[in-house]
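Q: Below: one structure in structure tokens.
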Amino acid sequence: EEELKEQKRHQQKQSGPQAERKKLKKQGGSREEDARKRNPKAFAVQSAVRMAKTFHRSQDIKMKKHHIPLVDRTPLEPPPIVIVVVGPPKVGKSTLIRCLIKNFARQKLGDICGPVTIISGKKRRLTFMECSNDINTMIDLAKVADLVLMLIDASFGFEMETFEFLNICQVHGFPRIMGVLTHLDSFKDNKALRKTKKNLKHRFWTEVYQGAKLFYLSGMVYGEYQAQEVKNLGRFISVMKFRPLVWQTSHPYVLVDRMEDLTDPDRLRTDPKCDRTVSLYGYLRGTYLKNKGQVHIPGVGDFQVGDVNFLPDPCALPAAQKKRALNEKERMLYAPMAGVGGVVYDKDAVYIDLPASHVDQQQDEVRPNTELVQSLIDTHATLDEKMAASKVSLFSGSATLEPAEVEEQSGEEGGLGEKCVWDPTTQRKRRKVVFTGEEEEEEEEDGSGSSDDEDGDSEDSDQEQDDDEENLSTYLKEARAGCDETEKTVADAPPVKRPKLDVGKGESAEVPVFADSEDDLEMSEEEEEESGEEGEAGRAGDSGHCSEEEESEDCKEESEGELEGTGEAADATMEEQTASKSMEEEEEEEGEFSCLSTVGLRWKEGLRQKASDAFLRQQQAVPNLRKLVYGSVVQADDSEDEEQELGGLFRVSRPQTSKKYQANAVDSSRFHPDTSHQWDQEEMLNSIRDCFVTGKWDESQDAATLLKEDEELYGDFEDLETGEVHKNPTGKQNRAEQNGENPDSDDDDDDEHEETVVKVDDDELQKNKRLEKKQRLKERFNSEYDGGDATYFDDLKEELQKQAELNRAEFDGVDDETRVQYEGFRPGMYVRLEIPSLPCEFVTNFDPHYPIILGGLSSAEGNVGYLQMRLKKHRWYNRILKTRDPLILSLGWRRFQTIPLYHIEDHNGRHRLLKYTPQHMHCGASIWGPVTPQGTGFLAVQTVAGAKANFRIAATGVILDLDKSVTVVKKLKLIGYPYKIFKNTSFIKGMFNTVLEVAKFEGASVRTVSGVRGMIKKALSTPEGAFRASFEDRLLMSDVVFLRSWFPVSVPQLYNPVTSLLLPVGQKDSWAGMRTLGQLKHDLGIRYMPNVDSLYKPVVRTKRQFNRLHIPKELQKALPFKSKPKLQQPKGKTPRDLQRPSVIREPHEKKVAALLHALSTVHNFKRKKAHQVQHAKHKQFLQQKGKQEEAKLKRQKESRKKLYRVMGQEDKRKQRSSLKGASKDD
């Protein structure tokens, strides 16, 4: 075997242009710029047309990204986003909602009834609503949805409900739509799975838009979707932006999440069928709602609102804090129809929901809150009476708290509120009653009628809270600077985790609890860092034993034992020593000693030292001088520790106890016994500076700040008596800074100014000036940079932005009660609408699975009138629509049945009635219905009862006009017959009945079936209704004359609202309205008797008999003999006398004739048979003869061939012999 030669390796080029290019490419450089400089013509514009096309294309793409800018009318606290989960039955809608709720709210929900509202983030709430297969529900929810989660069974493919809902959305304003593929675990083959995903995705893109988001839920684990996939879906929902829809932003509406019957019980007892007064609750969305307005409830009808008022938000957004995640307290869930929440507040009542299972079953662990709720239900006294007379002890053996004390400590009126707490026993969220004035919790009056005052107070507290937020960082720095030196000795002790104890009624403390959930114990590193940053703010008011809610935020810091938190915890401990607090702290230490048996826990370290420190703090605490001097205004700042449970159900919670208040509320009247008070030091003076005039006050009260503002306001001035000019140093400094000068260069002026003016916070002033300067420079840069490119679109956007800011600033700082009187109830409020005279079936047949929507109507939308519409039969609907067949329309908020007339506009502007809708074409439609703004889309269905196999949406369209300006006409042919004919004039009868009718149509054009045109001239006296008409040719008596006229058609006045919500439970999808004529005849078994003339008959064409040709005699003479008509006399009838008489035979003659006939018949048969035999023989003979002839011909042919062969040979011989003879002669 020959060895294969080793191939020569490729050698890289080390030099040359190619190597240079590669080196340059490696270094990341580009020769393009060099090429442009070297050869500019190569990079010049080659084709101006192509360049223009490229430019236009890029501009088109740029402009397509622009939406028409709208004024941003979203409120500061927007209502929850409505997420509708749509899909066919058994596709996983309820499971997905449960998984999303579990992802956001950390709670499980059993049956999904009605809207479920949760807090998904710091600035976003979500309301989930499940959409059933009922077409009524699909139509209603499409009108209020902000986001649609469209579930698709991937193992089955698209179902009709998906496309129906998409078409409903297209008509009523397209919300954001996100597809979710389920049942992907049924695919065993990955290739089939990928192919299915691709097909479904592209079909979904066709229906929605290219690139629409489609989520894949790959499978289920223990009956739930995978947590990571649900989490990703939740993230997309949390950050999604929404485009305002025209109908939603121009109409107020409420998706009802609670319903209460307020009808008088005595009236119900006497008349159970009477109309009900009902209060409906929900978040107001859309635009502002006026009181006493008209609303429409789809499925019920139009109603007048009796009264509207706003309630505290039951699912309020958490207060703004510097953190990324929500803690467990803020993960609220609000779903009254689903039975979540034990206590529900109303304007004049408190509803406590206690499931029967909690009463009947004996639970292993008796929860104090359940016992308390039972006692509340069993009692005969009202809640406020009992609370006024009650005294509550937070811990066994501690001092009792009276209601007056609680109100005094909270710093504002405390109405009944709620706090959602997860109950692991019952696996649902229980809503504890708390006394609080916080804006995010309910504040209801207890029958005292003072809700208005409470609302006003809550608004004021909101404003104070906002003001304090802005100055939070400044106050924190100041408080820390003032107290660091003083309290170093206390700060040396490590932070101790105090166990949270569940104390039962009459029981001793049992299990120490350290966190609310696993999430708190498993905080991510990012949250840990944020908690570290937050620790400085949070610890400022921590007394060493956190309340239940605060532990979830701070447990990580405490377990880590960070130094920053330690110092601040000690600071806060000193701040919060009051007489009432000392008792609680003593009890806390007792609780700690009772838990010493638990081993291996860090909170046990140094218990003796901590106990002695606490005792010293208690003994050495001096009276709160600030409270004695200034009253009880600061008491709220010192009550962080009092946010404890009362009896296991009620919680004292105050907004003023938040960390931002405590950070600024350093009580300088208390000092540690070990601290030496060295008043010569600046730090000690700073620690009590806030108690005096020289301290740092609010900007609105600080003397130095007010003086500075006055100087800035009035600036330089001249003393008219002395002539001396006084300069404004601040203004001078600002000008110097703008001109690029150093403000410190003018030393003399500055020194004088510092001596005369009270010293203010220079750092803060300098910082503000630097920020202002940066802002000015940025604005100047932006104006220069954008000056050349500013378009009309940008100007319009800027103008609308200014308008939005003006709208917000108009009522900024005004309390809600006043704002409501001016602008109405704003979107985002939780409102209560009282509606009188609702049908009793609405309450008795109430089903929470069906949505209740209150759609606000404008002043004109409550009327009913004629509407002109443009309509097109849906291309997927398999039947054409007939005029005067009842149709169910979804228009605006309403669903109603009406009778449309279809028409089409001719070239001359006439609206001609159509019997059926045209195929693949728009037509006009006229209906009698509710007045709705022009441009509003609608859809039509023929029935809403049940689910059909076929596509249910019959037609779609849009409103054009709101009046009766269009006259629909139909063709009318009047038929007459001529009864007397002259040359071009005829008398016609049968077309009219009276002379008056003829007089109305004088001058009208008529024509015959054969196409002869004419005109009506004059009426005739007899017969009645006959007239004289002239035509362009002579008529025949067989002609039919007709007059083509147009007859106006009146629109039937039928408006029948679909009242599906009034039907019994389980039958709400079986509403049946007016039936069509065909349905009526089918149901009643009536057979249609057709007009006989309209039936199809077989066409029988009779043979035409033409008259014989008549040739004049003169013409006959000129004709040749061949063409002349032959003079043949027609053979006439034989005269009777020449006719041969008939012969009558005798019987004997008859017999002879019969015998002869029989014999002749036999003879004829024999002769015929002989003839056949002879014919057969002859045929055989001819065949034999033919064969013989063939043989003869063959023989003759052979003999001829032989003869010709011999003759040929003879000729050849002769030729040869002749040639030889010739040669010899030569």
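Q: With +1 on the Cβ of every Lys and Arg and -1 on the Cβ of every Asp and Glu, and nothing else charged, how large is the dipole of the stretch 838-970 about its Cα centre, in debye rounded to the nearest 20?
A: So the dipole magnitude of the stretch 838-970 works out to roughly 680 debye.
Q: Go through Met220, Met991 and list them by solvent-accessible area, largest first, probe radius 1.4 Å.
A: Putting Met220, Met991 in descending order of accessible area: Met220, Met991.
Q: Using alpha-carbon positions, what is the distance between the centroids of the stretch 876-908 and the stretch 219-259, in Å?
A: The distance from the Cα centre of the stretch 876-908 to that of the stretch 219-259 comes to 34 Å.
Q: So how much slack lies between Arg776 and Phe811, counting 0.36 nm per residue of separation and subtracting their Cα-Cα distance, in nm?
A: 9.8 nm
Q: Considering only protein heavy atoms, with the full assembly of protein chains and a 1.4 angstrom probe, order His1110, His251 by accessible area, largest first.
A: Heavy-atom accessible area, descending, gives His1110, His251.
Q: Step through the table entries Lys65/Lys201; Lys90/Lys201; Lys197/Lys948; Lys989/Lys1103; Lys1018/Lys1103; Lys62/Lys102, compare each Cα-Cα distance with 30 Å, and write down the pairs that go over it.
A: Those over the limit are Lys989/Lys1103; Lys1018/Lys1103; Lys62/Lys102.
Q: Take the Cα of Ser1010, step 7 Å along the line toward its Cβ, and report every residue of the stretch 1079-1123 whose backbone nitrogen sits under 19 Å from that point.
A: 1104-1107, by backbone N distance to the label point.
Q: Carbon and sulfur atoms: what percent of the 1.4 Å accessible area of the stretch 1154-1226 do they account for?
A: Values: 4280 of 7420 Å².
Carbon with sulfur: 58 percent of the solvent-accessible area.
Q: Between Val278, His251, Gln304, whose Cα lies farthest towards the positive end of the dipole of the stretch 189-306 when Lys and Arg beta carbons carry +1 and Asp and Glu beta carbons carry -1, centred on the Cα centre?
A: Working it through, the farthest residue towards the positive pole turns out to be His251.
Q: Can you sort Ser859, Ser1045 by solvent-accessible area, 1.4 Å probe, largest first?
A: Correct descending sequence by accessible area is Ser859, Ser1045.
Q: With every protein chain in place, what's the accessible area of Thr54 (1.4 Å probe, Å², nearest 10)?
A: Surface accessible to solvent at Thr54 totals approximately 90 Å².
Q: Expressed as a whole number of Å, what is the distance separating the alpha-carbon centroids of the stretch 807-851 and the stretch 1013-1044?
A: 71 Å
Q: Would you mind getting the accessible area per residue of the stretch 962-1064, heavy atoms of the protein chains only, 1.4 Å probe, in Å²? All intermediate terms of the calculation are to be shown ahead of the outcome.
A: On the way: 6020 Å² over 103 residues.
On a per-residue basis, 58 Å².
Q: For Ile975, what accessible area in Å² do you get when you roll a 1.4 Å probe over the heavy atoms of the protein chains, rounding to the nearest 10?
A: 80 Å²
Q: As a test question: what accessible area, to the nearest 10 Å², does Val1006 have when a 1.4 Å probe is rolled over all protein chains in place?
A: 10 Å²
Q: Rounded to a whole number, what % of the accessible area of the stretch 200-264 do carbon and sulfur atoms account for, probe 1.4 Å?
A: 57 percent
Q: How much accessible area per residue does the stretch 1080-1226 have, in Å², with a 1.4 Å probe?
A: The answer is 111 Å² per residue.
Q: Then there is this: Taking loop as defined by DSSP and a crowding limit of 11 other beta carbons within 10 Å, which trypsin sites (Lys or Arg not before Pro) in the stretch 186-288 fit?
A: Lys188, Lys241, Lys273
Q: Given a Förster distance of 35 Å, report the FRET efficiency between Leu262 and Thr74 from their Cβ-Cβ distance, rounded to the nearest 0.05. Don't skip to the end; give the middle numbers.
A: Details: r = 33 Å, r/R0 = 0.93.
About 0.60, to the nearest 0.05.
Q: Which distance in Å, rounded to a whole number, links the C-alpha centroids of the stretch 1148-1176 and the stretch 102-123?
A: 113 Å
The values are calculated or read from the model by the stated rules, or taken from the named source; none is laboratory data. Since this is a predicted model, take the numbers as computed values, not measurements. Backbone-built Cβ (ideal geometry, glycine too); neighbour counts: all protein chains shown. The accessibility values were calculated without ligands, DNA or RNA, using every heavy atom of the protein model including side chains. Shrake-Rupley method; radii C 1.70, N 1.55, O 1.52, S 1.80 Å.
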